[in-house]
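Structure, as structure tokens:
The values are calculated or read from the model by the stated rules, or taken from the named source; none is laboratory data. If you're wondering where the values come from, they're calculated on a predicted model, not measured in any experiment. Note that each Cβ is placed from the backbone with ideal geometry, even for glycine, and that neighbours are counted across all protein chains shown.
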Amino acid sequence: MPIQTGVHKKGSLSLPDIVASAKNRKDFSKAGAIATFIGVVRGENDKHEKVQNLLLEAYEEKTDEVLTGICDDLRKKPGVVDVQIHHLLGEFEVGEDLVYVLVAGSHRKDVFSVLEEAVERYKKEAPIFKKESTVTKKGGAKTSWVTKDKNTYA
């Protein structure tokens, strides 16, 4: 049974679950390649502060709609068999998985550019929000919502 693209509670699925879901598609016999991206919690932020943990939240209904739309758009590309984006929500420690993106296609050349586009699009389009707990350069603790440019979410 296919796993629905969208947001999921931390611990509710894994990369092997997603790969199995792609392989169970009726049209998977057309695929000759699967490419995946795993986003993980980085241990240092852009300000060179030590990250302790992250809290990820989303406007879930809208995020599911946006991620589904991205996947539907990208599945129309030549040679693409499947596109899935699964973003996890909850509290995360450094090194833990946050997001899985999978693209299956007829040939390896069909999947890499679509994988990159899927990642770039979900970063910009999906209303997912990140609260970061860090240790500042001076050793103090700080918790704040991470903001990117006005057109980019977490």
Selected residue (criterion: surrounded by the fewest Cβ atoms within 10 Å (Cβ to Cβ)) from residues of the stretch 94-106 that are in a strand (DSSP E or B) and within 16 Å of the chain's Cα centre (by Cα):
ASP97
The condition from (1) outside any strand (DSSP E or B); (2) surrounded by 12 or more Cβ atoms within 10 Å (Cβ to Cβ); (3) not β-branched (Val, Ile, Thr) that ASP72 misses is numbered (2)
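Is it the case that ILE18 is surrounded by 15 or more Cβ atoms within 10 Å (Cβ to Cβ) and in a loop (DSSP other than H, G, I, E, B)?
Taking the combined requirement at face value, the residue does not satisfy it.
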When you scan the stretch 32-44, do you find a residue that is buried (at least 16 other Cβ atoms within 10 Å of the Cβ), modelled with pLDDT of 95 or more, part of a helix (DSSP H, G or I) and not β-branched (Val, Ile, Thr), even just one?
no
Among the residues listed as VAL119, VAL81, the single one being under 30 Å from THR134 (Cα atoms), surrounded by 13 or more Cβ atoms within 10 Å (Cβ to Cβ), modelled with pLDDT of 95 or more and of a type in the set (A, V, I, L, M, F, W, C)
VAL119
Does the stretch 11-62 hold any residues that are under 25 Å from LEU74 (Cα atoms), over 20 Å from the mean Cα position of the chain (by Cα) and touching a residue at least 12 places away in the same chain (Cβ under 8 Å), and which are they?
ASN24, ARG25, ASP27, PHE28, LYS30, ALA31, GLY32
Enumerate the pairs (first residue in the stretch 85-104 and on the phi > 0 side of the Ramachandran plot and free of Cβ contacts under 8 Å to residues at least 60 places away in the same chain; second residue anywhere and of a type in the set (A, V, I, L, M, F, W, C) and not in a strand (DSSP E or B)) with beta-carbon separation below 8 Å, excluding pairs fewer than 6 apart on the same chain, so at least 6 apart or on different chains.
GLY95/VAL41
